[in-house]
Amino acid sequence: MIFKPTALPGAFIVDIERREDERGFFARTWCRREFARMGLNTELSQCNISYNRHRGTLRGMHWQAEPHAEAKLVRCTRGTIWDVVIDLRPASATYMSHFGVELDAASGRALYVPEGLAHGFVTLEDDCEVSYQMSEFYEPSATRGLRWNDRSFGISWPIENPILHPRDASYPDFVVEPART
């Protein structure tokens, strides 16, 4: 695997290294040893998928609060999405900054999302499937979210008028936390 740092510390684009022949290709998508070598969370507690029928479906922005904070490895396994993360770590130099990347099934590219970042995506075509590997179990009491179009973050989404779950559409404005020293 090829790990490419993003503008947000601890978040990486993870590209696969294809071993190709006349049959197709083989590639590793997860390796505890390689993730540990990069200093990334190697715990794997659960794997999830989301299926999205329509182009313009937006899921996010979500995270889990401590002590249930989770790292995610996100991969689009059917179709194409625009994946976004926001740094919500008050002590981070990139606090409240965001990063977006296109993920598609053809490339096999993934995004590693460390603890403390909100995550969301919008589908760029119909019939998209997204796979998540999670470092922590889902804990409903720790679920948090912020509105996808909160002006505090200035995200320029590639889709106007997305299809949203009512919960995702109704999160209040983000409240800035003071940096902890």
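The values are calculated or read from the model by the stated rules, or taken from the named source; none is laboratory data. As the structure is a prediction and not an experimental result, all values here were calculated from the model. For neighbour counting, all protein chains shown are included, and Cβ atoms are generated from backbone atoms with ideal geometry for every residue, glycine included. Accessible surface is based on the protein model in full, side chains and every heavy atom, while ligands, DNA and RNA are left aside. Shrake-Rupley method; radii C 1.70, N 1.55, O 1.52, S 1.80 Å.
Listing for the model above:
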| item | result |
| --- | --- |
| With all protein chains modelled, accessible area of residue 77 [1.4 Å, Å²] | 60 |
| Accessible surface of residue 176 - all protein chains present, 1.4 Å probe, nearest 10 Å² | 80 |
| Residues of the chain: accessible area per residue with a 1.4 Å probe, Å² | 54 |
| Sparse-neighbour loop sites [GluC sites (Glu not before Pro); the stretch 1-84; at most 15 other C-beta within 10 Å; DSSP] | 17, 22, 43 |
| Cα convex hull volume per residue for the chain (Å³) | 125 |
| Amide H contacts of residue 77 (H built 1.01 Å from N, under 5 Å, at least 5 apart or other chain) | 129, 130, 131 |
| Percent accessible area from carbon and sulfur atoms, the chain, protein chains only, probe 1.4 Å | 49 |
| Most mobile listed residue (38, 61, 134) in the chain, GNM with C-alpha springs under 10 Å | 38 |
| Rg [Å, one decimal], Dmax [Å, integer] - the stretch 88-181, C-alpha atoms | 14.7, 45 |
| Trypsin sites (Lys or Arg not before Pro), loop per DSSP, at most 16 other Cβ atoms within 10 Å - longest free stretch of the chain | 54-150 |
